Amino acid sequence: MSVSYRAVGWNRQKKRYDAVVLAAVALMIATIAGGGALVNPNATIETLLIRAFAVTAFLLLHVILSIGPLCRLDRRLLPLLYNRRHLGVTMFVVALAHGVFAIVQFHAFGDRNPFVSLLTTSSSFVAPSGFPFQIFGLAALCILFLMAATSHDFWLHNLKPVVWKTLHMGVYVAYGLIVVHVAMGALQSDRNPVLAVLLCIGVAWIVSLHLAAAFRERRVDEASPVMRASLVDVGAVTEIPESRAIVRCVGSERVAIFRYGNCVSAISNVCRHQNGPLGEGKIVNGCVVCPWHGYEYRPDTGAAPPPFTEKVATFAVRIEDGRVLLDPHAHPPGTRLDPARVS
Amino acid sequence: MIATTPDERDDDFYIGYEERMPARIATRVSIAVTAIAIALALTAGVVAIAFERLPPAHFAYGVATTAIGILRHEPYPTLEQNGRRIWLAGRGKLGAQNILRALPEGPVMITGSRVMRGDREMLEVHAATAGSTATLRGEIVDSKCFFGVMNPAQGAVHRDCAVRCLSGGLTPMLLVRATDGREQLVVPVSSDGKPIGRKLSTLAGRAVEVTGQLAHDGSDYRLYADATAYRLLK
């Protein structure tokens, strides 16, 4: 959390994260370019670099797309998500290097503007031999650029989380475009089935991981809370571990019901920062801490402690016969509601 | 109703801006990162090996070579050199036509970078100059004797030996004496760049005059003129 914008709010975890990412990128580029030079000594350095940047960026994209569902399936992996945007920007830079090298190699120094050449040279969507796979790569690169350029919290704040999140869901469109780019480009000129199998494994991995995470989420959302008059019975107070929450889907909204000491409070499950699941957070020093990036909210007001200004909706709760009853009507973000008391 | 109650086993809680992450989470993350790194390295290695093996080809980028020969414009620019064809290209993705357009077909000197695939050769043309018309006077000598097998290796006494040497296929040279007395050797070839030593053998050891296209390949002068262009002076 920060009350002012800085290029990067460095801390020890981010530095370690970035060091690992940069080491992995260097290792992959060295493996693909260096290994490629050893087994394929007639390949030119430009070819080796274009391949190395492409494969590295594509593999990093698989890692990026895997982190979300992996964290849904195992919350102990949340540290992988904490600095994911740096991983994303790194991936974009590597993909950009691939794009620049490819444009220079295949389209520059000719009789046309390289970008005109890129957009017009291949134009047959029917024949695989003339399929404009380059345009799919360029479109993906544009999406990745938008995401990298708006990755800073400045844009998150000014675009608002819903718009920002929607924009960044474009990574799945970019992934699809890149799959077409690879399948109709590199795999058409290099017919080694190993490469096609690897691509299929990658796609299957991403799809299956997301389906597994989606099924897990769906089990939560499909659960029907028990209605008592106008209140929702969300469960026994003993179900809620100390300083933790249970999450219930009430109407179309997920609500996180926290227990701390002998108090129970309910707030929206959606963090104002990046829509992180507050109900998977923990109360630390009297504040609910979002498990994604550490944004904090007071459980009784839904407001971040001063000087921070983020606020989430609050819900009234009361306890009867050891059961927690929730009023499903959300109060405006930041509205203080007395916690229910555990007798 | 299914709750997302936290598992008792993972009550450790990770906060990114704290100095250290809880030990059990750190262990889990270390295992995951190691697994991801191994998967990435293996995949990268497999991809590097899986790419198609490429045949030998070479582009001597940045290394300039000078070649002289006969320029042909049609159907595509080539340099004919002793019966060998060198394809000519421009820089980047451009043909050599723009650079060579002003030059007539015939002897030229071209500087450029070599491009080779198998026994095929190409020059990426950086600069090209046409041979200049020159009239030279001198004596045709055989190079082997002149370089040192015999000394002296010119003039009437050596003439018959020179005839035999050229008739036998040795490289002819035209020994030209400049006005300042310095000697200069010029390699005679036909107007289309082919060897003409045997045709010049009867003229060896005698003063001749010839007009042709003179070009320099960076180390030697080469004179493009057919054998019939050589005229005895005495």
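The values are calculated or read from the model by the stated rules, or taken from the named source; none is laboratory data. Just so we're clear, the structure is a prediction, and the values are computed from it rather than from any experiment. Cβ sites come from the backbone with ideal geometry, for glycine too, and all protein chains shown count toward neighbours.
A few remarks follow.
- Only a single item in (1) closer than 26 Å to A:HIS157 by Cβ; (2) among the aliphatic types (A, V, I, L, M); (3) at the interface with chain B (Cβ under 9 Å from one of its Cβ atoms) is not met by A:ILE240, and it is number (1).
- Residues that are surrounded by 15 or more Cβ atoms within 10 Å (Cβ to Cβ) and outside any helix (DSSP H, G or I), drawn from the stretch A:182-191: A:GLY185
- Any chance B:VAL186 is part of a strand (DSSP E or B), touching an Asp or Glu at 6+ places or on another chain (Cβ under 9 Å) and surrounded by fewer than 19 Cβ atoms within 10 Å (Cβ to Cβ): no
- If you filter the stretch B:81-97 down to residues that are at pLDDT 90 or above and more than 10 Å from chain A (Cβ to nearest Cβ), you find that the one that is farthest from B:MET122 (Cα to Cα) is B:GLN97.
- Residues that are at pLDDT 90 or above and outside any helix (DSSP H, G or I) were ranked within the stretch B:137-169; the one that is surrounded by the most Cβ atoms within 10 Å (Cβ to Cβ) is B:ASP142.
- Within the stretch A:96-117, the only residue that satisfies the criterion of being within 13 Å of another protein chain (Cβ to nearest Cβ) and under 31 Å from the mean Cα position of the chain (by Cα) is A:ILE103.
- Residue in the stretch A:292-343 that is farthest from A:GLU280 (Cα to Cα), counting only those that are among the hydroxyl-bearing types (Ser, Thr, Tyr) and not in a strand (DSSP E or B): A:SER343
A quick yes/no check of all residues on (1) among the acidic types (Asp, Glu); (2) loosely packed, with under 15 Cβ neighbours inside 10 Å; (3) more than 7 Å from chain B (Cβ to nearest Cβ):
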{"residue": "A:GLY9", "(1), (2), (3)": "no, yes, yes"}
{"residue": "A:THR31", "(1), (2), (3)": "no, no, no"}
{"residue": "A:ASN40", "(1), (2), (3)": "no, no, no"}
{"residue": "A:THR47", "(1), (2), (3)": "no, no, yes"}
{"residue": "A:LEU59", "(1), (2), (3)": "no, no, no"}
{"residue": "A:PRO69", "(1), (2), (3)": "no, no, yes"}
{"residue": "A:LEU80", "(1), (2), (3)": "no, no, no"}
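Here's the yes/no breakdown for (1) outside any loop (DSSP other than H, G, I, E, B); (2) without any contact (Cβ under 8 Å) to a residue 60 or more places away in the chain; (3) on the phi > 0 side of the Ramachandran plot; (4) of a type in the set (A, V, I, L, M, F, W, C):
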{"position": "A:VAL180", "(1), (2), (3), (4)": "yes, yes, no, yes"}
{"position": "A:VAL194", "(1), (2), (3), (4)": "yes, yes, no, yes"}
{"position": "A:ILE206", "(1), (2), (3), (4)": "yes, no, no, yes"}
{"position": "A:GLY235", "(1), (2), (3), (4)": "yes, no, yes, no"}
{"position": "A:ARG254", "(1), (2), (3), (4)": "yes, yes, no, no"}
